[in-house]
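The values are calculated or read from the model by the stated rules, or taken from the named source; none is laboratory data. Bear in mind the structure is a predicted one, so any value in this text is a computation, not a measurement. Glycine also receives a Cβ, built like all others from the backbone with ideal geometry; neighbour counts cover every protein chain displayed. Surface accessibility is based on the protein's heavy atoms, side chains included, excluding ligands, DNA and RNA. Shrake-Rupley method; radii C 1.70, N 1.55, O 1.52, S 1.80 Å.
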Amino acid sequence: MLTVIQAMLIFAARLGRERFDGAVSTGSGIALACLPVARVRGIPTRYIESMGRTHGPSMTGRLLHAIGGTAMYTQSPRWARGRWQPHPSALTSYRAVPTPRRPESPRLFVTLGTIGGYRFDALVDAVLATGLADSRTVWQLGTTTRDDLPGSVHTMMNSAEFEAAASAADVVISHAGVGTLLTLLDLGLHPLMVGRRAHRGEHVDDHQADMEHLLDGLSVGRYLEVEQLTADVVRSAADWRVTHGEAVDVAADQRQIDLSDREIDLSDPTKDSVA
């Protein structure tokens, strides 16, 4: 909370020096710090919930909804109702493109992210069980330290190293992190995203399983449980690449979204709240 208050003071000083036509945020604490200050100064505000929130809003989203005065949007149409209006998902601007080439022995890049304190041995073991890991395989393991892996093993990689390893691979196998997914899609890759599970001690909860709902119907990547990772699934992933184009509305009747005050429902901020 202290960090939010400090950020509020910084925003208040900046907004006092310059004129802005609107304020938009998809952040967590940063949105809570900025948007209420902007509204006090008469600046129209819009909050777009993270696309990873497929079942309901974050705590920041709930607080902003309760405070009122901000236009609220969700990238998940499944829970859009009341003041929560649908907004095109960032994923809808990507398109899967078939590139049939399915190598018998694809070159792999396996990335487990940088999550501290949580190993993901189940995914590493599943990749080994496919029989496809070899001297060309690149591993980025984070805290999942291993000494039994073929290929090149890294604890961490900088952005340039990550992008080079991903771009050189026929197939990228990743933990199901939203940030990692977007990075891979921007590189034109069609990744296999495997969810960490709390009952195996791989994360604090099972939120990575929400990736299945994010990718459902979009075909720009594939979500898997660790048990579903097979050699055939890995080989088939090499048949696809991804392109980046214009976003498609998540609802056919979605109205044009702008920052005008008429877009903001200033009625009871607790009405139609989404738990």
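Descriptive notes on the structure:
- Rounded tilt (10° steps) of 29-40 against the dominant C-alpha axis of the chain: 20 degrees
- Think of the chain as having a plus end and a minus end, set by charges on the Cβ of Lys, Arg, Asp and Glu; of Gly151, Tyr223, Gly245, Gly245 sits farthest toward the positive end of this dipole.
- Take the convex hull of the alpha carbons in the chain; its mean projected area over all directions comes to 16.2 nm².
- Added length on full extension, which subtracts the Cα-Cα distance from 0.36 nm per residue, Glu163 to Asp205: 12.3 nm
- Over segment 50-110, accessible surface divided per residue gives 42 Å², non-protein components excluded, 1.4 Å probe.
- Taking the C-alpha atoms only, the angle from helix 121-130 to the longest principal axis of the chain is near 40 degrees.
- Computed extension gain for Thr145 through Arg241, at 0.36 nm per residue and net of the alpha carbon distance, reaches 31.5 nm.
- Segment 1-126, accessible surface, carbon-and-sulfur percent (1.4 angstrom probe): 57 percent
- Alpha carbon centroid spacing (whole Å) that separates segment 1-65 from segment 96-169: 37 Å
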